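Input: a single structure, listed below in structure tokens.
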């Protein structure tokens, strides 16, 4: 029996901006268990980053508003709804960066350019523990080494602009794991990196996950990146989870037309078969969409799809699909 | 090779000098591109791949003379049949050829002026080429926007009204409006989502055949290069390490760096990460390793690699029963690759 760590129950969320209201998340049902690895895959604007930022309340409130549902964090057998807690209250502060931490896409803009690597790591560590300055330094160097930063004690005194992109991402990873989190969100951790460095960083994240026995949620637009990293994949489209299952089920037996199309549009080294691009593009975020979110671009669309949102139906082996035709 | 090439790059060098000043600690020369030679044939897509900092973008910019190369030749065989070397030419002398060679940029957000309508953006290259007839300008802009899958009604809008993929199409339309013969596409699809990336790749292939174009396709994404390119050159620290027809390169690489790059690509069919192949990062270009620049990361490196820089050598090979021509810059090509065991990535 797997222990629940974080549960999204029927979550719907909106951004209210001057230009209008977006339907950012709709009917999100997702459970993250201890030690599991989950891949969240989708194109820009599908709500994948919002899903990651919601539990640690990193989104601008009240522009961002959860209109329905709850996000339950299970701690010491005492589950509570993080959405009901105060945004910067003690409850959230004790989770954010400590029990749930995050690796962002752009290491340069998420690290401080005016503090050394050491001072920003120390700040985080001292915030969440009783260590003094000296102990915090020793601990920081230790986690830098864990993140395979060469010459860790020198890098500790460097500024982030002195480091290469891959090295900055290692520092981000070191910071993220410095408080032994139970859950790590990695939001497009390798998109800005070269393929060779990407392979190194993905390998590192996987190793760190195993060593620390933490849960990992890897967010990416690239199915190939998650293919060898995670146990389960959730495919997002326009704020809906359209398909969720084990990595094998999703990649070898995709049921939703969007997942199939996504797989067909990835060029690989093994085939020179023509790509089958998905026709059309992602609609404007402020547009009102009725029916299935994918209906405008779907090849199997029926009249029913244009009026009614398909339910999220379970198939064998916990494979869930949101499509009338699946 | 019988066909006359369209573009010939010979011994191209682009060296940047680092001046010493109050804030810089170092002096010296960065050899961003060092002694690079290759040819691009008519209606061919030539891919240039490598990690950031290997000089691939600099090559594209030097060919178009967006920067002045230190030395070397860029010979272009023009529509009228004359062959010209771009390198010694002044901006004025090169202007007549600007219509024939164009560029597509990486970032669809910063490469379109936010203050011009799409129509103005598309018409500008023609106006610079001396076209004044307003009706003709509109007609051309309208035709080109449809060629890239958008509508004439889009011409009135400003770039901010378009998504990344649509903007990239506008960038392609702008490059094509002067009916060029040769286009440098620098990371043209890297900033796009996968589904949109596939659309843009299809458009490029379609237009290549329709307008008989040649491309220099610069990318770090080997899967994309495999899909769109006819031949590929692999660069490492400013030098070409391997050139081969795409299929030959991907079925049987003849350089350890190419092999390592291929192993690093995540694959949807491959459930194992192979990050053990290429350790470390690309070395500092201001202070490159001696000998073969790749020896610091090469799993086959021997003593000779540390002292002697390998030259790009020619090899004859066969592909699908046909004779092909390929090049590799590795001292131990014969030993490492002569009897290559069937490689895992061929089996699919």
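No value in this document is a laboratory result; all are computed from the given coordinates. Just so it is clear, the structure is predicted and the values come from calculations on it, not from any experiment. No Cβ is skipped: glycine too gets one built from the backbone with ideal geometry, and neighbour counts run over all protein chains shown.
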The stretch A:4-230, relative contact order in percent, only Cα pairs under 8 angstrom and at least six apart counted: 25 percent
Most mobile of A:40, A:278, A:72 in a GNM of chain A (Cα contacts under 10 Å): A:278
Degrees, to the nearest 10: B:194-211 long Cα axis against longest axis of chain B: 70 degrees
Sorted by Cβ neighbour density within 10 Å, fewest at the top, the residues B:152, A:314: A:314, B:152
Sorted by Cβ neighbour density within 10 Å, fewest at the top, the residues B:227, A:159: A:159, B:227
Normalised contact order of the stretch A:256-326, rounded percent, pairs of Cα under 8 Å and 6 or more residues apart: 26 percent
Ratio Rg/Rh [Cα only; Rh per Kirkwood] for the stretch A:136-268: 1.03
Of every Cα-Cα pair in the protein assembly as shown, the percent that sits beyond 37 Å: 43 percent
Fully extended contour minus Cα-Cα distance, from residue B:152 to residue B:120, at 0.36 nm per residue: 10.2 nm
Percentage of interatomic Cα-Cα distances in the stretch A:256-326 larger than 19 Å: 45 percent
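Compute the orientation-averaged projected area for chain B from the convex hull of its Cα atoms and round it to one decimal in nm².
About 20.2 nm², averaged over all directions.
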Antiparallel DSSP beta bridges within the protein assembly as shown, percent to nearest 5: 65 percent
Candidates A:310, A:60, A:254, ranked by Gaussian network fluctuation over chain A, Cα under 10 Å, top entry: A:60
Helix-derived mean residue ellipticity, 222 nm - over chain B, DSSP H n ≥ 4, -39500 (n - 2.57), to 500: -8500 deg cm²/dmol
Pair residue A:75, residue A:145: separation of 7 Å Cα→Cβ label points (nm): 3.0 nm
Helix A:133-146 vs. chain A, principal-axis angle (Cα, 0 to 90°, nearest 10): 50 degrees
Degrees, to the nearest 10: A:117-127 long Cα axis against longest axis of chain A: 80 degrees
Residue among A:269, A:124, A:184 with the largest mean-square fluctuation in a Gaussian network model of chain A, springs linking Cα atoms under 10 Å: A:269
Helical contribution to [θ] at 222 nm, DSSP H n ≥ 4, -39,500 (n - 2.57), averaged over chain A, rounded to 500: -8500 deg cm²/dmol
DSSP beta bridge pairing in chain B, given as percent antiparallel to the nearest 5: 65 percent
Whole-number Å³ per residue for the convex hull built on Cα positions in the stretch A:122-214: 96 Å³
Two-decimal Rg to Rh for the stretch A:4-230 - Kirkwood Rh, Cα set: 0.96
Sequence of B:306, B:13 once ranked by neighbouring C-beta atoms within 10 Å, starting from the fewest: B:306, B:13
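Please report the projected area of the stretch B:10-110's Cα convex hull averaged over all directions, in nm².
Answer in nm², one decimal: 8.7.
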Efficiency of FRET from Cβ geometry, residue A:112 and residue B:311, R₀ 51 Å, rounded to 0.05: 0.65
Percentage relative contact order, the stretch B:109-245, counting C-alpha pairs under 8 Å, at least six apart: 20 percent
Projected-area mean, the stretch B:116-237, by convex hull of Cα positions, square nanometres: 8.3 nm²
